[in-house]
Every structure is written in C-alpha cells, then in structure tokens.
Amino acid sequence: MKIGLIADLHVDRHNELTPNDYAEVLGQSVRQREVDLLIIAGDIANRDDIVVDFIHRLEQLTDITVRFVPGNHDWFCCKV
C-alpha cells in the first residue's frame, strides 16, 4: 500500500485558483504516483464547506480513500 501525506494546502487563499483547481492538480499527482491512501494533515481551508467539498471532489477524481486530520485553520470541521 502506498500512502501519500500532504499538509497546509490553504486552497481558499488564492485569488485566481479555486479549490477545485487545487483538487484537479492534487488528484493528477496522486494518480501519477499510484497512491492508495491520501492523508491530508490539516489546514485545507478556513471554511468547513470548502473542506468537505474539497475532500469529496478529491475522492471523486482519484477513486482512493482520503483521510483528514484537522489543523488550526479547520478545527471547526467534522462533517468528513
């Protein structure tokens, strides 16, 4: 089993790129590396709806399991 780990994405902080843009690029990277499980170690975004949507979109794009450990920017989120 190949496990990927990434943190501090802050997908809601860019003026030109959307969270979906980030999901597309990360999804492509995960597929290229043939990752079986992706762990995101916190700080995806500052809003829970963005965090949840990002994780669901990433799972759709990659067809792998994504696990999430909340960071200080997404401590409020637990719908995932």
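The values are calculated or read from the model by the stated rules, or taken from the named source; none is laboratory data. This is a predicted model, so every value here is computed, not measured. Cβ atoms come from the backbone with ideal geometry, glycine included; neighbour counts cover every protein chain shown.
Structure notes:
- Test: ASP49 is modelled with pLDDT under 95, assigned to a helix (DSSP H, G or I) and not hydrophobic (A, V, I, L, M, F, W, C): yes
- Of the set (1) part of a helix (DSSP H, G or I); (2) at pLDDT 90 or above; (3) over 21 Å from MET1 (Cβ atoms), all apply to GLU59 but (3).
A quick yes/no check of all residues on (1) in contact (Cβ under 8 Å) with a residue 24 or more places away in the chain; (2) crowded, with 17+ Cβ neighbours inside 10 Å:
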site: LEU5; (1), (2): yes, no
site: ASP8; (1), (2): yes, no
site: TYR22; (1), (2): yes, yes
site: VAL25; (1), (2): no, no
site: GLN32; (1), (2): no, no
site: ASP36; (1), (2): yes, no
site: ALA41; (1), (2): yes, no
site: PHE54; (1), (2): yes, yes
site: THR62; (1), (2): yes, yes
